[in-house]
Amino acid sequence: MMDSITILLSLLAGASSATTAVELKDINLIITTDTHGWVASHSHSDNDPLLTANYGDVASFVSHVKDQAINSGRGDVFFVNNGDHVEGSGLSDATLYTSAKIHGAELFPIISQMPFDVLTIGNHDLYDDETVGFMVESGFIGNWDGHYLTSNTFSSNDHSRIGSPYIILEGEVKHQKVMFFGFLYHMKDSCGTITVTDPADEVKEDWFISALAEGKAQNVSAIVVMSHMDLVDDAVSVILKAIRALDPSIAVQFVTGHTHYRGFKKLDSRASTFEAGHYLDTVGLLTLDVPSTTAPEEEEIWFNYRYIDANKKTLMSSVGMGDDEASFDTSLGLAIAQSTDAAKTKLGLDEVLACVPKIYKYGVDVEDENSLYKLYMNEILPRGVNGEAETETETETDYVHITSTGTLRYDLYEDFRYDDVIAIAPFANTFCFIDNVAGEEIDSLLKLLNVNVGVGEEAELPKFITSNYTSDGGSLKMFLNNYDQGVLVVNLAELRGVAVEEIVVVNWRADKGSDTFTDTTLVWKSGVSALFPC
């Protein structure tokens, strides 16, 4: 695991260079990753400086950087996106609850307007068959004309790639050629229509070896591996080793993501890996000079990197425009912003649903008075899921809720909007329950889960938590969501010493055609509105 000093230094480097002018080198990468539908800027004060930039502003920024490169003759600029478009905001997921009934129906047309040179796919783009079908059948992937890269992501039906394996692009200024690949970590839980192969296997295939040979024949100046994986994922080292076996000296840059932080690591004297945040909090910039053909192979390459806060004034200052918004906004940028605003209005994302007395944080200890998980487990779920007893004899004390702490993704702010419903709980998992679970069993189950699975996504939280319950006494009805079902059933079966098939799981209001349907997203819409009416 990357040490905390590396990450801390990376964060400090980004903060110290937030408003300095862009400095270009031979090859320059502008990067967005893990946006999860956050293309309309952040509406709450969740960062300093405020994250006021939308995708239109980023498109304008890219245009000015490319103009700067042309005017100075300094280098070639490539704008890339590292996947995970959906599951995170109203723009990406509110269409689940419209006639479209899929993620991204309003979002993908907005992304299609962006001037990306290369894109790759993320795991959250691959959990739902209907979403993948829309990306393919609507032409979203095909319209990128070979620039949407899925080196190890295939259709399960015929094992054809849903995108391209690689592409070689030539810069507009110095006409340097750069080879791009697009790898996803070895994802094993994608939807049924998709198969993701192990990168370690894929780099042994003839196509990869031939691609590297083609790049060498065309004298590419660098290889960029779009890598939707942690910057210290083992696959990064595996892919680099495969490249180095055929080309020991070429510049190699990994553009990583998935883990939602800012980070950089030098891999060898001519390779590095760089991750640029999430939720459009960061516009990453990675620049490098290519050694001359006469330079010795041991000559080191210095990779310069910046984390530019997605604040419109910061982007403007970075291209030397100060407060001159009229000059900064390009026609394409304004068109993208207009499309974004229109989609938000159509989906009603700015509608205020509740007036919350304080901010609840999802990443703090569950016993903290400001804990969002504490509110969720002991107030939201009891109202939304077991608020109505299934039999006349059941009471509130007959229930317990259990969840993994990756369920919630954003804080609860005072002016609670429809957009926040999905930002907080974007995954739309249905509920189910297991009957007759003793309180003592739940004690043991939590210990087993948090030993076997480890800590949660947030450092202050264990992997699994429960609502309040009594350990002694009778049995409980244990509610869970369908995403957690597999690991919970396996561990409960282990605890009881029985086969998995003997654990009976009952779906609860999971029929999407029913008036009583609810899920982990909708329960927030009703729950917060009931708790904190305006």
Region 251-264, residues that are under 18 Å from Ile27 (Cα atoms) and in contact (Cβ under 8 Å) with a residue 40 or more places away in the chain
Ala251, Gln253, Val255, Thr256, Phe264
Could you check region 91-120 and list, in sequence order, the residues that are of a type in the set (S, T, N, Q) and within 14 Å of the chain's Cα centre (by Cα)?
Ser92, Thr120
What pairs come out if I take residues in region 202-229 that are of a type in the set (Phe, Trp, Tyr) and pair them with residues that are open to solvent by less than 10 Å² (accessible area, probe 1.4 Å) and modelled with pLDDT under 95 whose C-beta lies under 9 Å away, six or more apart or interchain?
none
Residue identified as farther than 30 Å from Ser210 by Cα and open to solvent by 30 Å² or more (accessible area, probe 1.4 Å) among Asp145, Asp158, Asp117, Asp128:
Asp128
Just name the residue that is least open to solvent (accessible area, probe 1.4 Å) out of those in region 195-211 that are in contact with a His (Cβ under 9 Å, 6 or more places away or on another chain) and in a loop (DSSP other than H, G, I, E, B).
Thr197
Which residues, counting only those in region 240-261, are under 19 Å from His228 (Cα atoms), open to solvent by less than 30 Å² (accessible area, probe 1.4 Å) and not polar (S, T, N, Q)?
Leu240, Ala242, Ile243, Val252, Phe254, Val255, Gly257
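Return the residues of region 75-90 that are over 14 Å from the mean Cα position of the chain (by Cα) and either surrounded by fewer than 24 Cβ atoms within 10 Å (Cβ to Cβ) or not acidic (Asp, Glu) (or both); say none if nothing qualifies.
Gly75, Val77, Phe78, Phe79, Val80, Gly90
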Close pairs from region 500-528: first on the phi > 0 side of the Ramachandran plot, partner of a type outside the set (Gly, Ala, Ser) and open to solvent by less than 70 Å² (accessible area, probe 1.4 Å), Cβ under 9 Å, at least 6 apart:
Arg509/Val385; Arg509/Thr430; Arg509/Phe431; Arg509/Phe517; Arg509/Thr518; Arg509/Asp519
Please report, ordered by residue number, the strands (runs of 3 or more DSSP E) entirely within region 136-194 with at least 3 residues that are closer than 23 Å to Asp230 by Cα.
177-184
Take the conditions of a type in the set (A, V, I, L, M, F, W, C), at pLDDT below 90 and either open to solvent by 10 Å² or more (accessible area, probe 1.4 Å) or in a helix (DSSP H, G or I) (or both) and apply them to Ala530. Does it pass?
no
Filter pass, Gly486 being within 21 Å of Ser444 (Cα to Cα), open to solvent by less than 50 Å² (accessible area, probe 1.4 Å) and small (Gly, Ala, Ser):
yes
So, of the residues in region 489-514 that are modelled with pLDDT of 95 or more, among the small types (Gly, Ala, Ser) and assigned to a loop (DSSP other than H, G, I, E, B), which turns out to be most open to solvent (accessible area, probe 1.4 Å)?
Gly497
Quick check, is Asp472 assigned to a loop (DSSP other than H, G, I, E, B) and in contact (Cβ under 8 Å) with a residue 24 or more places away in the chain?
yes
Provide a single number: the residues in region 329-378 that are polar (S, T, N, Q) and either under 23 Å from the mean Cα position of the chain (by Cα) or buried (at least 19 other Cβ atoms within 10 Å of the Cβ) (or both).
4
Just checking, does region 376-385 include any residue being assigned to a loop (DSSP other than H, G, I, E, B) and at pLDDT below 95?
yes
Subset of region 214-237 that is more than 18 Å from Lys188 (Cα to Cα) and β-branched (Val, Ile, Thr) - its residue that is farthest from the chain's Cα centre (by Cα)
Val220
List pairs: first in region 273-296 and in contact (Cβ under 8 Å) with a residue 60 or more places away in the chain and farther than 20 Å from Phe61 by Cα, second among the hydroxyl-bearing types (Ser, Thr, Tyr) and part of a loop (DSSP other than H, G, I, E, B), Cβ under 6 Å, 6+ apart or cross-chain?
Val290/Ser221
Could you list, in sequence order, the residues of region 475-488 that are in a helix (DSSP H, G or I) and hydrophobic (A, V, I, L, M, F, W, C)?
Val487, Leu488
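The values are calculated or read from the model by the stated rules, or taken from the named source; none is laboratory data. It should be emphasised that the depicted structure is a prediction, and the values quoted were computed from it without experimental measurement. Every residue, glycine as well, gets a Cβ built from its backbone with ideal geometry; the counts of neighbours run over all protein chains shown. Remember, those area values only see protein heavy atoms, side chains included, never the ligands or the DNA or RNA. Shrake-Rupley method; radii C 1.70, N 1.55, O 1.52, S 1.80 Å.
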